[in-house]
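Each remark here refers to the structure printed beneath this line.
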Amino acid sequence: MTLNDLPSLELDAFTAIEAALDEATLRDVEVQLLGKKGSVTGLVKSVAEAPKEERAELGKRSNLLKKAVTEAIDARRSHLRDAAIRRELDDRTFDITLPGTVPAAGTLHPLTLVQERLEEIVTAMGFTVLDYPEVEDEWHNFEALNIPADHPARDSHDTFWLHPREHKLLLRTHTSPGQIRAMKETVPPFRALFPGKVFRYEAVDASHEHTFHQIEGLFVDRDVSVANLIHAMTVMLGQIFSATVEQSEPKRARTAANVKVRLRPGYFPFVEPGFELDMSCLLCGGTGCKVCKQSGWVETLGCGLVHPSVLRAAGLDTAEWQAWAFGIGLSRIVMMQYGIDDIRHLMGGDLRFLRQFR
């Protein structure tokens, strides 16, 4: 293309832009002129092939044309949009006082709602909320928690190992590694909470998932006791469930002051003694219902005094420091609080399910 071709190309370009009566047509014109194979784009590319004596002038004028065409297209697009708005405003059936379309608002996931509520409760009790990696090493996830390779408890932790296996990295099977990391990083005494996702390599059904949520709590001090643990759990669980009970059973609404808990012996390698903690069923008031299987009690969490081996692995002197810990299956708490009968709903991503928690 030569300098002699410029006037004709310029005239054709501006005529086509001005003739576009809607945005769809204008987009087609824009592609024809400025697209990869557009005529103006082709002009700019042809500068290198032009006669040597014309290159400087052709390059200058082709760039100016490209800029002018771009500005003309933008101006035409703005004009078409303004004209469309004016037509709508001139329409007598158009009511400018009507509210506009409200965009769909997202919702917080029920797991997030319950976790945030729990974090508010324990923060008021002096706990600090900490976050630790979902990818752990074998030492933090098992060995430091008194679960060596030949320990029977390993059988219940169907683990997602990361390749290559010799690096001994895995997706954490529980939030308990947070105990070790917190004790190694924080000067005692302290209180800490570690919420997060955990992963187990197991079959998925209505009550089991390969990805679920837990919350781990740790209290480290010079003088701790099971009585202190029971009191803290009573306050925490009463606060978590009081709102739900008030909604479903207004006449029997309960508070932290009258929620009952009980301990049953339970085995966990990282606590000694270890307990299974049950709370009185808030739906039936302890008289028995299908939720508590007519027992009046609901299995809620595992807890106990932290095993001395775990304290030593974290670098604490067991002659000076003691601790208690608890672990809650957050997914189970959410299911109890909202009456969800299938754990797969929590991670399924079904918007029909999530919209219920606006």
Enumeration of residues in region 59-85 that are within 13 Å of E10 (Cα to Cα) and either more than 44 Å from the chain's Cα centre (by Cα) or not in a helix (DSSP H, G or I) (or both): R61, S62, N63, L64, L65, K66, K67, A68, V69, A72
Elements of type helices (runs of 4 or more DSSP H) contained in region 299-358, each with 2 or more residues being surrounded by fewer than 19 Cβ atoms within 10 Å (Cβ to Cβ) and at pLDDT 90 or above: 308-313
Verdict on T97 being without any contact (Cβ under 8 Å) to a residue 60 or more places away in the chain and in a helix (DSSP H, G or I): no
Condition broken by K197, with the remaining ones in (1) of a type in the set (D, E, K, R); (2) farther than 27 Å from L316 by Cβ; (3) at pLDDT 95 or above satisfied: (3)
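Would you check if L89 is on the phi < 0 side of the Ramachandran plot, of a type outside the set (G, A, S) and either surrounded by 11 or more Cβ atoms within 10 Å (Cβ to Cβ) or not in a helix (DSSP H, G or I) (or both)? Give the steps one after another, and end with the answer.
Details: on the phi < 0 side of the Ramachandran plot: yes; of a type outside the set (G, A, S): yes; either surrounded by 11 or more Cβ atoms within 10 Å (Cβ to Cβ) or not in a helix (DSSP H, G or I) (or both): no.
The answer is no for L89.
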Region 187-204, residues that are out of contact with any helix residue (DSSP H, G or I) (no Cβ under 7 Å at 6 or more places or on another chain) and touching a residue at least 12 places away in the same chain (Cβ under 8 Å): P188, P189, F190, R191, G196, K197, V198, F199, R200, Y201, E202
Region 221-236, residues that are over 32 Å from the mean Cα position of the chain (by Cα), surrounded by 12 or more Cβ atoms within 10 Å (Cβ to Cβ) and in a helix (DSSP H, G or I): V226, N228
Unmet criterion (only one of (1) at pLDDT 90 or above; (2) in a helix (DSSP H, G or I)) for E166: (1)
Test: E272 is assigned to a strand (DSSP E or B) and either among the basic types (K, R) or surrounded by fewer than 22 Cβ atoms within 10 Å (Cβ to Cβ) (or both): yes
Hits in region 5-34 (condition: part of a loop (DSSP other than H, G, I, E, B) and surrounded by 15 or more Cβ atoms within 10 Å (Cβ to Cβ)): A20
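Going through region 135-161 one residue at a time, which ones are part of a loop (DSSP other than H, G, I, E, B) and either surrounded by 14 or more Cβ atoms within 10 Å (Cβ to Cβ) or on the phi > 0 side of the Ramachandran plot (or both)? Even if it seems obvious, please write down each step before you answer.
Start the filter on region 135-161 by keeping residues that are part of a loop (DSSP other than H, G, I, E, B), which leaves 142, 146-151, 157-160.
Listed by number, the residues that qualify are F142, N146, I147, H151, H157, T159, F160.
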Flag for L9 being under 48 Å from the mean Cα position of the chain (by Cα) and not aromatic (F, W, Y): no
Of residues in region 278-298 being crowded, with 16+ Cβ neighbours inside 10 Å and in contact with a Phe, Trp or Tyr (Cβ under 9 Å, 6 or more places away or on another chain), the one modelled with the highest pLDDT: D278
Identity of the residue in region 100-133, of a type in the set (D, E) and assigned to a helix (DSSP H, G or I), that ends up nearest to E185 (Cα to Cα): E119
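The values are calculated or read from the model by the stated rules, or taken from the named source; none is laboratory data. This is a predicted model, so every value here is computed, not measured. Virtual Cβ from ideal backbone geometry, glycine too; neighbours counted across all protein chains shown.
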